[in-house]
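The values are calculated or read from the model by the stated rules, or taken from the named source; none is laboratory data. Computed from a prediction, not measured in an experiment: that's the story for all the values here. Cβ: placed from backbone, ideal geometry, glycine included. Neighbour counts: every protein chain shown. The area values use the complete protein model at the heavy-atom level, side chains included, leaving out ligands, DNA and RNA. Shrake-Rupley method; radii C 1.70, N 1.55, O 1.52, S 1.80 Å.
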Amino acid sequence: MGFCEGIKKALKCNVGIYDLKGKILYGFNTNFRYTDDVLYSNNSTYIRCGEMIVSADCLLSQDAVNLIRMILSLEQEKEAATFMQPLEYILKNDISYESLIGRYEGYTVLYIKCREDVEDILFNIYSGYDVELVKDDDGIYLIKKFEDIENEANSIINGIGDERGINIIIGSGRMVKDKYTIKHSSQDAKLSAVFAEKLGFKNGYFVYDKMVIYEVINSLDIGELEKLYDEIYRGFFDVIRDRELINTAEEFLKRDLNISEAARRLYIHRNTLLYRIEKIKSLTGLDIKSFEEAMIFKFLLIIYRLKSK
Amino acid sequence: MAKVVLKNIYKIYPGNVVAVKDANLDIEDKEFVVLVGPSGCGKSTTLRMIAGLEEITSGELYIGDKLCNDVAPKDRDIAMVFQNYALYPHMTVYENMAFGLKLRKIPKDIIDKKVREAAKSLDIEHLLDRKPKALSGGQRQRVALGRAIVREPKVFLMDEPLSNLDAKLRVQMRAEISKLHKKLNTTFIYVTHDQTEAMTMGTKIVVMKDGVIQQVDSPQRIYEHPANIFVAGFMGSPQMNFINANLTKEGDKVFVNFGRVKLSLPQDKANIIIEKGYIGKDVVFGIRPQHIDDSVDAVSQNSESVVEAKVELIEHMGSETYLYLVCEGNNIIARVAPTSKAQTEQIIKVAFEMSNVHIFDKETELSVF
Ligand SMILES: Nc1ncnc2c1ncn2[C@@H]1O[C@H](COP(=O)(O)OP(=O)(O)OP(=O)(O)O)[C@@H](O)[C@H]1O
Ligand SMILES: [Mg+2]
């Protein structure tokens, strides 16, 4: 605790804090003596401060004793204060990371982003339940212990979409656990939502863990990348401009590179699908039937989407 | 009145993606319209424009005679039912159904009446106190419908509401939704990529491809008179057989020729061919699997349209049998009676029911008849 260090510097003596039974809580292991008020003994001072005894290995004046009592009570309040902080304060201010560990365990943050204010609907949906809503400039944080988070997020999106006829993006952090605090979860939730919007999505549920790839790509120097991918990129634009090809590619990726399923959904013959995949290959050099090259294709698609925003 | 009219509607996404191109559609009051087509054809986009969830790039949208392009979605008097049921997990079925009305500050007794009425019509009265978690997929979807019903919208919009259900439940729910449509007597606009669903549910079907409406018609007309090769192939399962052919004329008669096969067209159809100037032209000949018959009766009665084909594969489907045939190098499917004597590797005779065949222009792919 910084407090004992501070006193040591100020009063030029060692200070320890004990509970009433003599167990050391913080600071230096000076000596322990029980007292109801102040006790001077053997060149040491023992000061009762609530449920604690402060022991200093020097004789302190009454002023110094008062000072210690005051600082200690302030210190305690500050600690209590951190625990009392409303979630809104935690999400919007710099809070020491340590003080958040162990709090809100099991909760997850959703960040709800849309053009209109939907706080009243959310409030109506959740009033009376263990849910907190915190509003900031771009949207609303929703903090809850979820059972099936994806389903619930979709319920919010569709429910509000239907009630108000508006598009909503929901970003989600991970569940608070161990060193992953409520602050992390809220930051990740918001980041996912903001990113999804940047990518051109207007609607939907986006989980932070799946957004990582976008974050990585966004942090790259796209100009450099374009140079690197010049050959591929030129052909890639031909694919993007061809509705049939890009639609085919996206459906194929969406169906986990499953040819029959994608062909069925696109209502084209298997061979037509294979032919289009070949055409994409001849334009970009990428054979999206292979996982690795499909990944590069997806990667280019993300770059394109990020850039064209 | 809840007519819905789309006039020259376009949706162009950033990057010049034309998702919907010049859509024109007249939906009558109380009609059950199904939008159907392959993935990415623009069904959802069309529906979302009607709902107001997607801006209309150009063109006009009317709901009940009122131009709605700039009407706020919440004032359009529509309800939307989605694929994933959109129920709040912590609320009971009752609360879920009542929620929209509560939000509109409708008095409690009226809410109660409407919720109970809707629950009754959906046969979920006994579930009102349950939480969504304790419901089956079909029951949840019913509750989702109930949420829309209590609002008494002018138009119901549904985007693949059954695609998350298993096949058996889907068939059951199709019937339920059709029943509901009759009961509520309002306009339904329903999106699916499943042609069977479209055929069994819609009173009017809109077939889309690549953002363009291909045909708008009753299920029967779509099936019997497809406007082009795409619609002909898309609607019907197993799909229509297509064979590249050439048309010739001998006297008054017109023949469809491919390989060594020469089939005579009925006179009414022959006249259309002559009138439209298709003699001597390459065309696509189309025939549905159920119009190819291997029974002794059919073969003896249709001597002018019997062809020989080799049986590659036989698929028994219970009440019917599919024969996978090769005829003059063309793969064709015949849907025949389960009593068929055909054997694999055998060369058999099959009769083409010429009154039910189709001819398509090879260039434009449009139907000649
Ligand atoms: N926000 C968007 N930005 C750019 N293009 C989009 C966007 N949303 C849809 N598209 C494109 O518009 C086209 C039509 O999409 P839409 O979702 O309407 O198809 P659909 O017929 O509903 O398909 P599915 O059966 O897969 O649901 C597709 O090519 C799609 O990639
Ligand atoms: Mg869709």
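Report, in debye and to the nearest 20, how large the dipole of chain A comes out about its Cα centre when Lys and Arg carry +1 and Asp and Glu carry -1 on their Cβ.
My answer is approximately 580 debye.
Note down the nm distance, to one decimal, between modelled labels 7 Å out along Cα→Cβ at residue B:274 and at residue A:308.
Placing both labels 7 Å along Cα→Cβ, they lie 5.4 nm apart.
Name the most mobile residue of A:25, A:266, A:274, meaning the one with the largest mean-square fluctuation, in a Gaussian network model of chain A with Cα contacts below 10 Å.
Greatest mean-square fluctuation among the candidates belongs to A:25.
What does the extension gain come out to for residue A:70 and residue A:19, with contour length at 0.36 nm per residue minus their alpha carbon separation?
Values: separation 51, 0.36 × 51 = 18.36 nm, distance 1.76 nm.
Between residue A:70 and residue A:19, full extension yields 16.6 nm more.
Determine the equivalent ellipsoid of chain B by diagonalising the alpha-carbon gyration tensor, then write out the semi-axes as square roots of 5 times the eigenvalues, largest first, rounded to whole Å.
One finds semi-axes of 47, 26, 15 Å for chain B.
Please give the charge dipole size of the protein assembly as shown, origin at the Cα centre, charges +1 on K and R Cβ atoms and -1 on D and E Cβ atoms. Round to the nearest 20 debye.
Roughly 660 debye for the protein assembly as shown.
Compute the angle between helix A:208-218 and the longest alpha-carbon principal axis of chain A, please, reported from 0 to 90 degrees and rounded to the nearest 10.
Tilt relative to chain A: about 70 degrees.
What number, rounded to the nearest 500 deg cm²/dmol, is the helix-based mean residue ellipticity at 222 nm of chain B, given -39500 (n - 2.57) per DSSP H run of at least four residues and division by all its residues?
Computed mean residue ellipticity for chain B: -8000 deg cm²/dmol.
Report the one residue of B:83, B:325, B:254 whose Cα lies farthest in the direction of the positive end of the charge dipole of chain B (charges on C-beta: Lys and Arg +1, Asp and Glu -1; origin at the Cα centre).
Ranked along the dipole, the leading option is B:83.
Anyone know which of B:111, B:189, B:213 comes out most mobile in the 10 Å Cα GNM of chain B?
Among B:111, B:189, B:213, the largest GNM mean-square fluctuation belongs to B:111.
Among residues other than residue B:361 whose Cβ falls under 13 Å from its Cβ, what is the net charge (Lys/Arg +1, Asp/Glu -1)?
With Lys, Arg at +1 and Asp, Glu at -1, the neighbours total 0.
Which whole-number percent gives the relative contact order of region A:3-84, counting Cα pairs below 8 Å spaced six or more residues apart?
The value is 24 percent.
Once neighbouring chains are kept in place and the probe is 1.4 Å, which whole percent of the accessible area of region B:4-234 is contributed by carbon and sulfur?
Whole-percent figure for carbon plus sulfur exposure: 49.
With each pseudo-label sitting 7 Å past Cα toward Cβ, what's the residue A:43-residue A:92 distance in nm, one decimal?
Once both label points are built, they end up 5.4 nm from each other.
Quick one: of the DSSP bridges fully inside chain B, what percent are antiparallel, nearest 5?
Percent antiparallel among DSSP bridges in chain B is about 75.
Which one, B:2, B:40, B:13, projects farthest toward the positive side of the charge dipole computed for region B:1-46 from Cβ point charges (K/R +1, D/E -1)?
B:13
Order B:321, B:200, A:30 by their accessible area, 1.4 angstrom probe, all chains in place, largest first.
Listed by decreasing accessible area, they come as B:200, A:30, B:321.
May I have the pair-distance distribution P(r) for region B:79-197, computed from all Cα-Cα distances with 10 Å bins from 0 and rounded to whole percent?
14, 49, 33, 5, 0
Mind checking the mean number of beta-carbon atoms from other chains within 10 Å of the Cβ atoms in B:96-102?
Partner Cβ neighbours, averaged per residue: 2.
If I fit a long axis through the Cα atoms of helix A:270-284 and take the longest principal axis of the Cα atoms of chain A, what angle between them do I get, 0 to 90°, rounded to 10?
Approximately 70 degrees, to the nearest 10.
For chain B, what's the relative contact order in percent, using C-alpha pairs closer than 8 Å and at least 6 residues apart?
15
If I ignore ligands, DNA and RNA and count only protein heavy atoms, how much of residue A:114 is accessible to a 1.4 Å probe, in Å² to the nearest 10?
It works out to around 30 Å².
Relative to the isolated chain, which residues of region A:149-176 have their accessible area cut by 20 Å² or more in the presence of all protein chains (1.4 Å probe, heavy atoms, no ligands or nucleic acids)?
Listed by number, the residues meeting the 20 Å² cut-off are A:151, A:152, A:154, A:155, A:158, A:159, A:162, A:163, A:164, A:165, A:167.
Taking a cut-off of 14 Å between Cα atoms, list the aspartates and glutamates near residue A:8, but don't count ones fewer than 8 places away on the same chain.
Straight-line reach from residue A:8, under 14 Å: A:57.
So how tilted is helix B:137-149 from the main axis of chain B? Cα-based, degrees 0 to 90, rounded to 10.
Between helix and principal axis, roughly 60 degrees.
Place a +1 charge on the Cβ of each Lys and Arg in region A:3-84 and a -1 charge on the Cβ of each Asp and Glu, then give the dipole magnitude about the Cα centre in debye, rounded to the nearest 20.
Dipole about the Cα centre, nearest 20: 220 debye.
So how many Å³ per residue does the convex hull of the Cα atoms of chain A work out to?
203
Which one, A:11, B:292, B:220, is farthest towards the positive end of the dipole of the protein assembly as shown when Lys and Arg carry +1 and Asp and Glu -1 on their Cβ?
The Cα lying farthest towards the positive end belongs to A:11.
Can you give me the distance in nm between label points at residue A:5 and residue A:52, each placed 7 Å from the Cα along the Cα-to-Cβ direction?
Going by the 7 Å Cα→Cβ label model, 1.6 nm.
Under a Cβ-Cβ cut-off of 10 Å, what is the net charge of the residues other than residue B:304 that fall near it, where Lys and Arg count +1 and Asp and Glu count -1? The partial results should precede the final answer.
Values: positive: B:253, B:262; negative: none.
That sum, taken over residues with Cβ under 10 Å, equals +2.
Between residue B:257 and residue B:320, how high is the FRET efficiency from 1/(1 + (r/R0)^6) when r is the Cβ-Cβ distance and R₀ = 35 Å? Nearest 0.05.
About 0.75, to the nearest 0.05.
Measure up A:145/A:254; B:7/B:43; B:11/B:182; B:249/B:362; B:114/B:182; B:209/B:262 against 26 Å on the Cα-Cα distance and list the ones that go over.
A:145/A:254; B:11/B:182; B:209/B:262
For residue B:341, list the lysines whose Cα falls under 19 Å from its own Cα; do not include residues on the same chain fewer than 8 positions away.
Correct list for residue B:341: B:310, B:349.
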